Every structure is written in C-alpha cells, then in structure tokens.
Amino acid sequence: MIFMTEASNLHIAVIGAGPGGYAAAFLAADLGMKVTLIDPEQNPGGVCLFRGCIPSKALLHVAKLIDESRHAKNWGVDYADPKIDLPRLRSWKEGVIKKLTGGLGVLSKQRKVEYTQGKAAFENSTTLRVARSNGTEEQLTFDRIVIATGSRPAVIPSLKLETPRMMDSTSALDLSEVPGTLLVIGGGYIGLELGTVYAALGCKVSVVEMLPGLLPGADRDLVLPLHKRMEKIFDSILLNTTVAAVKEESNGIRVTFDGPEVKERESLFDKVLMSVGRKPNSEIPGLEKTQVKVTQRGFIQVNKQLQTDDPAIYAVGDVVGEPMLAHKAMHEGRTAAEAIAGHKVAFEPNAIPAVVFTDPEIAWCGLTETQAQKENREIKVARFPWAASGRALTIDRTEGMTKLIVDPQTERVLGVGIVGAGAGELIAEGVLAIEMGALAKDIALTIHPHPTLSETVMNSAEVFFGTSTDVYRPKRP
Ligand SMILES: Cc1cc2nc3c(=O)[nH]c(=O)nc-3n(C[C@H](O)[C@H](O)[C@H](O)COP(=O)(O)OP(=O)(O)OC[C@H]3O[C@@H](n4cnc5c(N)ncnc54)[C@H](O)[C@@H]3O)c2cc1C
C-alpha cells in the first residue's frame, strides 16, 4: 500500500524517460515530490516507445495480418497478394508512437513533472549539469537522483560497418526499404521478431546463430514449434555458425560464415541486421564523481530498493541488469520512487514474464525447465498440447502447448511456459498464479471460459493430476 509521506519536501531528478524513468517520475510526483525528468526526446517514452517494444509490435501486427490473409485460402477465403505501401505503413507506425509518447507528455504535464529535453551529466552525487536540446546548459541540485538511462544495441567490433546496409534494431524499425535479402545476426528475440516482419513484407530472411538453437535460454520444447514455423517463413536458419567477416561490395554485404555445419562459406546479402544483445548505458559523464559502482558487465550495482552505492542515487531498468524488459523497468522505477519516499519496499518478484512476439508467440515466467535442470531441482512438468484445445482448432493454431512446472512435494506452481498464438497475453495468468503461491489444484479448480486458449492453463493443471478431460494422460504410480 502506498502512503503519502513527507516526500513532498524532496526534489528528485530522473535521468532518462524510458519505462523505468517515467514510471519512477510519475509515481514520485503522485507521492508529492517535485520531479525533474530529463531525456533527449521531445516526450517521454525511451527505447521502448520510440525504437523498441511499440514500433516492433505495430509492425508484427501487420506481419500477422499478411500471414493470415495468405493462410485464409485453407479456410475457403482467397485474398489477392497484399500490396505493401511502405510510406503508409511507416506513417501508421509513427502515428502509434506519436500518440503514445504524446500521451505521456500530457500525463507528465498533468502531474507537474518538469520535463527537460536534454542530456544530464554528474557534477557530484546530487548535482547535475543539464545540456538542454535548445543549446542552453544549467547546473541543478537535487535531493535524490534516479538513473534510468537504459541500454543500446551491442555491436561486434570486428563486424562493424558504417553503411546503411548494416542495420541495428533502430534502423531496421525505420523500415526505409524492404531489401531483397536480409541476414539477421543473432537468433534472440529481437532478431526473430524483426526477421518475421521483413519476411512478411516479402524479404528473403536468413538467420545465423552461434549456439545450437534459436532463443538460447528458453526451454527447447517451447522453441520447437516456433523453429518449425521459422523454417517455413525464413530462407535459412544457420545454427552453430558464427559470422567471421563482413565486407561491403557494390551490390551488398559479403558475409563469411564459420562453423561445423556451414555449407556455403560466403554469401551476399542486400542488408544485414546485427542483433546480438544490448549494452547498458552506464557511461554517464561524471558518474566517476559519485560513489556509484558499475559491475564488470557494465550494469549499475543496486540493492533491493534500487539504491546504488551512493545513498543519494538510485538506478532502475536496463542499466541495472537482466532481464532487459520494459515491464521489469517500470516496476523497478515505481519501487525506487516509493523507496525514496521512505516506504518499506523491495523489488523481489517471484516471476517476471518474458514474451517473444513471433508467430507463434513464446512466453514463460518463474522457473524454467532449463533452470531447474541446471540447479538440479526436482520438478514435475505437466504439458497440455493445443491439438486438444477446441479454441486452438477454431483458429487453426494447434501447434501450441501450455505447460506447468510444479513442485512435486508441495504441488505449488513454480513456472509456466506457453508457445502458441497469443501466448504473451495468456502468460499473465501464470505470473499471477506464481505471485499468489497458487497450487496446481487452484488452477485446475478455477473455472476458465470455454472455448478459449486460457483453458489450456487449467487443462495443464488437470494433466498434472492425470485427470484431464480433454487428453488421456493417466497418472503413473
Ligand atoms: C527492438 C526492440 C524490441 C523490444 N521489445 C520489447 C518488448 O516487446 N517487451 C519488453 O518488455 N521489452 C522490449 N524491449 C526492451 C525495452 O525496450 C527495454 O527493456 C526498455 O525500454 C528499458 O527501459 P529503461 O527505462 O531502462 O530505458 P530506455 O527505454 O532504454 O530509456 C532510456 C532513456 O534514457 C535516455 N538517456 C540515456 N542517457 C541519458 C543522459 N545522460 N541524459 C538524459 N537521458 C539519457 C535515452 O536516450 C533513453 O531515452 C525491446 C527492445 C528493442 C530494442
């Protein structure tokens, strides 16, 4: 519960207006603090709204529509091949960003947050030098400062090329054109999501990943249906393969591959998207004048209240560590604001959901099977195949699967994993179950609406007890 305290006497600065920063700033203002929010953009939003979650999901929605229109012939509905009007597609995506970020600008004003367009540097633990975008500079002193400077695309230095043919996630989302061929370096979620968009728009997409599977870190049974589908929509998926060299030529980028499964050592691509992870923005000028500590991986070190080693400075979001996700950043931002207000709070979630917005989607939360194996932890896994779901059949998406990871002794739900259409929406039930300490029985006894995909969560709990109505999986003695 949030109580109003003497926080009203505090003046805080938040550096960076992404989900972590604006969530911290808005709650701090709601708690009565005077707040200055600093970011180079015209409005709050950060990477998530301007060049991350939101533009990618807008484009993925279009990709899904194109795909469904093609698939509709299986249901007796024939559409002509879609004509892509790229400028209109771009302006629709930009419109979504403008509406959302503009809305945050209005919310900021309504809360009387002082929004400063510019960049901040530290003079000491409580003083910032703010270089405004209008060219003026000012030194300002605060009671507390929250660092929410986020992250940026990582680059492999030996593969860096200064040419528009070499893209990162930001330039890929600009969608300046649809190339004939595209190589995505990195089989993580950002590469697969953007590869899906370009493939739907008619580009021949190849993906190269140095590890043996796509989406390293996710349970393999969740990845398998996605992999099968990606094999259909992508030109090729190269696993156990690294990119040894890239060279720009007059008509593309020549890529040299290395690895035991490589058949063609060299290929030419119109464009290359480097999506090999993200790096925290912890190199804030003047940070060395404070007591803030940065880990070897570049993350700012914080405690459970998101306070750094400098008592006047807090840090939240991508800059403090994995998972680098917007919803984690927002919750950290809110926790930091409450901690500054003097509330007894800690950021210690039992489950942070992860969603890959490909088609099918993959989502998981809490304990994964991979993690349980690593920790040698005894678990029981109950899987419900969507082939037995009425709803999945009606939308022709039976490749999905929902699973519960359960503690065999207490029967408590420890983790949930879902692959299938809309998994990203469905996973919220798993997060709530884990946070509420639900038992498998609680889920089995909760009446879910029929026919829905949400039923598969209940069905997987029934599978745990060997008594699912829709599949025959008797419990072994
Ligand atoms: C293509 C893509 C897709 C993504 N999709 C998802 C998704 O679907 N779901 C999800 O949860 N996450 C997604 N993410 C990740 C998500 O965008 C980040 O986790 C989230 O934006 C982190 O929020 P943040 O507040 O930590 O920082 P950011 O959003 O990175 O914002 C930091 C802000 O600080 C500013 N800044 C930096 N230094 C200074 C300074 N010195 N002074 C002032 N301002 C400064 C930056 O300009 C930036 O505006 C995606 C990311 C990408 C790239």
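Here are some notes:
- Portion, in percent, of the accessible area of region 48-132 that falls on carbon or sulfur, probe 1.4 Å: 55 percent
- Remark on Lys204: its backbone amide H falls under 5 Å from those of Thr181, Leu182, a criterion applied only to residues 5 or more positions apart or on other chains, H modelled at 1.01 Å from N.
- Rounded Å value of the spacing that divides the Cα centres of region 316-336 and region 393-454: 25 Å
- The phi-based Karplus calculation (6.51 cos²θ - 1.76 cosθ + 1.60; θ = phi - 60°) puts the 3J(HN,Hα) values of region 359-375 at 10, x, 7, 10, 8, 8, 7, x, 6, 9, 5, 4, 5, 4, 4, 4, 8 Hz, whole numbers, x for Gly and Pro.
- Kirkwood Rh (inverse of mean 1/r, distinct Cα pairs), the chain, angstrom: 24.2 Å
- Placing unit charges on the Cβ atoms only, positive for Lys and Arg and negative for Asp and Glu, gives the chain a dipole magnitude near 220 debye about its Cα centre.
- Taking a ≥ b ≥ c as the square roots of the eigenvalues of the Cα gyration tensor, region 196-275 is oblate, since a/c reaches 1.5 or more and a/b is not larger than b/c.
- Exposure check, 1.4 Å probe, all protein chains in place: Asp219 carries approximately 10 Å² of accessible surface.
- Loop-exposed chymotrypsin sites (Phe, Trp or Tyr not before Pro) per DSSP, neighbour cap 15 Cβ within 10 angstrom, longest uninterrupted part of the chain: 80-464
- Of all accessible heavy-atom area on region 382-449, the percent that carbon and sulfur account for (1.4 Å): 60 percent
- Of the trypsin sites (Lys or Arg not before Pro) in region 411-477, the ones in a loop by DSSP (not H, G, I, E or B) with at most 12 other beta carbons within 10 Å are Lys475.
- Separation of alpha-carbon centers, region 197-268 and region 121-163, rounded to whole Å: 35 Å
- Assigned charges on the beta-carbon of Lys, Arg, Asp, Glu; region 43-152 dipole about Cα centre (debye): 120 debye
- Residues whose amide H comes within less than 5 Å of that of Thr116, counting only those at least five positions distant or on another chain, are Leu37, Ile38, Asp39 (H built at 1.01 Å from N in the peptide plane).
- Fraction of antiparallel bridges per DSSP, region 148-298 only, in percent to nearest 5: 50 percent
- Solvent exposure of the chain as accessible area per residue, Å², 1.4 Å probe: 48 Å²
- An oblate overall shape is assigned to region 271-358, the ratio a/c of its alpha-carbon gyration tensor axes (a ≥ b ≥ c) being 1.5 or greater and a/b not exceeding b/c.
- Overall form of region 265-419 per C-alpha gyration tensor (a/c, 1.5; a/b vs b/c): oblate
- Each Cα pair under 8 Å and six or more residues apart adds its sequence gap; the mean of these over the residue count of the chain is a relative contact order of 15 percent.
- Its relative contact order, with pairs defined as Cα atoms under 8 Å and 6+ residues apart, puts region 179-254 at 32 percent.
- Once Rg and the Kirkwood radius are both taken over the C-alpha atoms of region 348-432, their ratio Rg/Rh works out to 0.99.
- Amide H contacts under 5 Å for Arg152: Lys279, Asn281, restricted to partners 5 or more places along the chain or on a different chain, H placed in the peptide plane at 1.01 Å from N.
- Taking trypsin sites (Lys or Arg not before Pro) across region 96-140, the ones in a DSSP loop with at most 11 further Cβ atoms lying within 10 angstrom of their Cβ are Lys112.
- Selection of GluC sites (Glu not before Pro), region 161-218, meeting DSSP coil and at most 10 other Cβ within 10 Å: Glu162
- Rolling a 1.4 Å probe over the protein heavy atoms of region 167-292, with every protein chain left in place, gives an accessible area that is 51 percent carbon and sulfur.
- Bridge type composition, the chain - antiparallel percent by DSSP, nearest 5: 60 percent
The values are calculated or read from the model by the stated rules, or taken from the named source; none is laboratory data. Owing to the predicted nature of the structure, the values given are computational and were not obtained by experimental measurement. FYI the Cβ positions are ideal-geometry reconstructions off the backbone, even for glycines, and counts take in every protein chain you see. What goes into the accessible areas is simple: the full protein's heavy atoms, side chains included, and nothing from ligands, DNA or RNA. Shrake-Rupley method; radii C 1.70, N 1.55, O 1.52, S 1.80 Å.
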